[in-house]
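To keep things clear, I will list the structure first and then write my remarks on it.
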Amino acid sequence: MSIPTTQIVRCQLCGKGILWNRPTPNATTPPKWCKAHENRAKRARSLCPTPSKERHSTKDAALSSAAYANRKRGTSLRVYECKCTYWHLTSRVG
Ligand SMILES: [Zn+2]
Ligand SMILES: [Zn+2]
């Protein structure tokens with residue numbers, strides 16, 4: 001049985017369908033994001049002063065992640081919007 005060379009995958013951020021052309025028949029790493037989000041991620045990597053930090057697409061996602069960590073580890077993380085357009089967590093006060 002042959003594997004189809006094109007496949008529909010979903011953007012992990014907006015759920016939009018992406019037509020993925022497999023570069024090789026057994027390629028197993030489809031794109032995670034649609035074009036718009038892919039470009040945003042690329043831009044983010046070049047803009048972000050703290051690229052090693054976890055990135056959250058929305059404030060709500062960052063807040064719930066911070067709340068979880070604070071509850072779990074007794075930290076007092078806050079969220080801030082980075083110039084890379086994503087939200088990060090920080091323990092810095094002020
Ligand atoms: Zn998307
Ligand atoms: Zn950033």
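Pairs needed: first member in the stretch 20-46, surrounded by 11 or more Cβ atoms within 10 Å (Cβ to Cβ); second member anywhere, hydroxyl-bearing (Ser, Thr, Tyr); C-beta distance under 8 Å; at least 6 residues apart or different chains.
Trp20/Thr6; Arg22/Thr5; Arg22/Thr6; Arg40/Thr85; Arg43/Thr85; Ala44/Thr85; Ala44/Tyr86
Taking only pairs six or more apart or across chains, which ones have beta-carbon atoms under 8 Å, a first residue in the stretch 48-67 that is in the same structural domain as Cys11 (by TED's automatic domain parsing), and a second residue that is of a type in the set (S, T, N, Q) and within 16 Å of ligand 1 (Cβ to nearest atom)?
Note: no pairs meet the criteria.
Out of (1) touching a strand residue (DSSP E or B) at 6+ places or on another chain (Cβ under 9 Å); (2) modelled with pLDDT under 95; (3) within 15 Å of ligand 2 (Cβ to nearest atom); (4) not charged (D, E, K, R), what's the single condition that is false for Asn21?
Condition not satisfied by Asn21: (3).
Just to be sure before I move on: is Thr85 assigned to a loop (DSSP other than H, G, I, E, B) and surrounded by 14 or more Cβ atoms within 10 Å (Cβ to Cβ) in the structure I sent?
It is true that Thr85 is assigned to a loop (DSSP other than H, G, I, E, B) and surrounded by 14 or more Cβ atoms within 10 Å (Cβ to Cβ).
Does at least one position in the stretch 16-33 carry a residue that is part of a helix (DSSP H, G or I), within 13 Å of ligand 1 (Cβ to nearest atom) and touching a Pro at 6+ places or on another chain (Cβ under 7 Å)?
Within the stretch 16-33, none of the residues are part of a helix (DSSP H, G or I), within 13 Å of ligand 1 (Cβ to nearest atom) and touching a Pro at 6+ places or on another chain (Cβ under 7 Å).
With respect to Ser65, is the statement that it is small (Gly, Ala, Ser), assigned to a loop (DSSP other than H, G, I, E, B) and either farther than 26 Å from Arg40 by Cα or in contact with a strand residue (DSSP E or B) (Cβ under 7 Å, 6 or more places away or on another chain) (or both) true?
Considered against the rule, which asks whether it is small (Gly, Ala, Ser), assigned to a loop (DSSP other than H, G, I, E, B) and either farther than 26 Å from Arg40 by Cα or in contact with a strand residue (DSSP E or B) (Cβ under 7 Å, 6 or more places away or on another chain) (or both), Ser65 comes out as no.
The values are calculated or read from the model by the stated rules, or taken from the named source; none is laboratory data. None of these values were measured; they are calculated from a predicted model. Every residue, glycine as well, gets a Cβ built from its backbone with ideal geometry; the counts of neighbours run over all protein chains shown.
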